[in-house]
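Take a look at the structure set out below.
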Amino acid sequence: MKGIDVLGLFNNRSIHNFIFLSAIQISNILITLISMPLLISAIGVDQFGLVSLSFSVMVIANIFVSFGFNLSGPRAVALNQQNPKRLSFLLSHILGGKVLLASVATGVLLVLIFGFGFFTEYQTILALSVLLLYSEATLPLWFFQGLEKMRLISIANVVSKVLYLMGIFLFIKDPSHAKWANFILGACGLSINLLVLAYVRKRLGIVLIGPRILRIFRSLKSNVHYFLSNLTSYLTFNGGLVILSFFEQSHTLGMYSLAEKIVMVIRLFPSILTQSVYPNASKLYQADKSTFLRFMRKVYFSGLAISFFFSVATYLAAPLIIQLLATSRLEDSIYYLRLLSLIPFLACLNIGNVLIFLVTNQQKQLFKVSAFMCVFMMVSASLLTYRFGAVGICVALLSTELLHFLGFSWMVARKNPDLWRGFYLAA
């Protein structure tokens, strides 16, 4: 198909998406680093731990609230960028579905808290944290990602986080105020999201219509495998610390946790890159397969080069990184960080496979591989950690990343042989 400039697409829309998605992640990390000492000094370590635990519960609940729309939504919007009526339909029904799921999750949590007495130590904190579910439900990141207009949503994210810091500074003064920490974060996010949606309605001509319940349920049903893929992926790459806690003492957990957090931040790179090019890739796949494959190869090899640099730099700078973050030279953390430093590069190996599954909307295959990897990680991590401690969990994570790539490659070759040959075997 003539008239499509692959280089121009990658340099403009995809690069802009990458920059603004990166800005969102970086601002989130910076706000976390700034808010931690503020909260600890105001409410103490014990209450801070309960606030963090409540936040972790909300993170897991938000996987349910998002229900895979972060994967299906951008593709649907990208394919209908010039159709305001269809965009209005998509925005209304996806938002309606997510708000419905947030309400269900809120109801379940409140019943567990006040009906069955769960979460005894932090019931009030957790109950007030449910506003984070509605903040997630109304976040239109997927919509702007599909439109390939990320500037506004990235600015809105920064504004909401700055308001959160101001809220901590103004209202969190002593341990009795710990219950309001997550509530303030959720309130700031929800308020800014509603303003962004008002802007969408006024400036972009997107009308929010009353969603139909049956259509919402059909959308949820069609997204089940994306939701399960997100859940199993989260467990695969965030379950290591939990498994390690069954076999090691708090000292080792702290040493490993520091290294893991650093690597998982760097591992965001392949995820951000995939999300950035996903809308363009979806359109190119529909327009012309050969152009799509050329675009994919350019993205893939660029990602591999950058991730390899990150991995090597992390390995070489491990002592300095640990020294800066821990204010002391923790030899065990340095060792774990060096073992895990290859993870960003191994994760980038799978970018092409994941994008092929996403643009072809093969949810079931995506879930099958993700579920198998989750089981493999849990079993191998348990066995290796029992035998080798924290080193075992590092080996399990590295093995999972490599098998992740091999498993996805096999599935792509089996289900999409033409795309697999065009992508991997092209001269």
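The values are calculated or read from the model by the stated rules, or taken from the named source; none is laboratory data. No experiment lies behind these values; they were computed from the predicted model shown. We place every Cβ from the backbone using ideal geometry, glycine too, and count neighbours over all the protein chains shown. The area values use the complete protein model at the heavy-atom level, side chains included, leaving out ligands, DNA and RNA. Shrake-Rupley method; radii C 1.70, N 1.55, O 1.52, S 1.80 Å.
For the reader, a short list of remarks on this structure follows.
- Taking segment 240-267 as the range and being within 14 Å of Phe310 (Cα to Cα) and either open to solvent by 50 Å² or more (accessible area, probe 1.4 Å) or charged (D, E, K, R) (or both) as the test, the residues that pass are Val265, Arg267.
- Segment 208-237 residues that are small (Gly, Ala, Ser), paired with ones that are surrounded by 14 or more Cβ atoms within 10 Å (Cβ to Cβ) (beta carbon under 6 Å, 6 or more apart): Ser219/His93; Ser219/Gly97; Ser229/Leu366; Ser229/Phe367; Ser229/Ser370; Ser233/Ser370
- Only one entry in Leu190, Leu195 is at pLDDT 95 or above, surrounded by 14 or more Cβ atoms within 10 Å (Cβ to Cβ) and either in contact with a strand residue (DSSP E or B) (Cβ under 9 Å, 6 or more places away or on another chain) or over 15 Å from Ile125 (Cα atoms) (or both), namely Leu190.
- Any hit, segment 119-133, residues being out of contact with any Pro (no Cβ under 6 Å at 6 or more places or on another chain) and part of a loop (DSSP other than H, G, I, E, B): yes
- Of residues in segment 95-141 being of a type in the set (Ser, Thr, Tyr) and in contact with a Ser or Thr (Cβ under 9 Å, 6 or more places away or on another chain), the one most open to solvent (accessible area, probe 1.4 Å): Tyr134
- Single match in Gly107, Gly96 (criterion: free of Cβ contacts under 8 Å to residues at least 12 places away in the same chain and not acidic (Asp, Glu)): Gly107
- When Ser191, Ser154, Ser160, Ser135 are checked against the criterion of being among the small types (Gly, Ala, Ser) and over 23 Å from Ile272 (Cβ atoms), a single residue qualifies: Ser191.
- When residues of segment 67-82 are limited to those that are polar (S, T, N, Q) and within 21 Å of Asn230 (Cα to Cα), the one surrounded by the fewest Cβ atoms within 10 Å (Cβ to Cβ): Asn70
- Close pairs (7 angstrom Cβ cut-off, 6 or more residues apart or separate chains): in contact (Cβ under 8 Å) with a residue 12 or more places away in the chain in segment 173-184, not in a helix (DSSP H, G or I) anywhere: Trp180/Ile172; Ala181/Ile172
- Scanning segment 399-419 for residues that are buried (at least 17 other Cβ atoms within 10 Å of the Cβ) and among the acidic types (Asp, Glu) returns a single hit, Glu401.
- Residue among Phe367, Phe372 that alone is out of contact with any Pro (no Cβ under 7 Å at 6 or more places or on another chain), surrounded by fewer than 18 Cβ atoms within 10 Å (Cβ to Cβ) and in a helix (DSSP H, G or I): Phe372
- Top-ranked residue of segment 287-311 - restricted to ones that are more than 28 Å from Arg421 (Cβ to Cβ) and touching a residue at least 24 places away in the same chain (Cβ under 8 Å), ranked as most open to solvent (accessible area, probe 1.4 Å): Phe310
- Taken over segment 40-81, the criterion of being under 23 Å from Ala156 (Cβ atoms) and over 18 Å from the mean Cα position of the chain (by Cα) is satisfied by Ala76, Val77, Ala78, Asn80, Gln81.
- Top-ranked residue of segment 322-351 - restricted to ones that are assigned to a helix (DSSP H, G or I), open to solvent by 40 Å² or more (accessible area, probe 1.4 Å) and of a type in the set (A, V, I, L, M, F, W, C), ranked as nearest to Ile272 (Cα to Cα): Phe345
- Of all residues in segment 142-161, those being in contact (Cβ under 8 Å) with a residue 24 or more places away in the chain and open to solvent by 50 Å² or more (accessible area, probe 1.4 Å) number 4.
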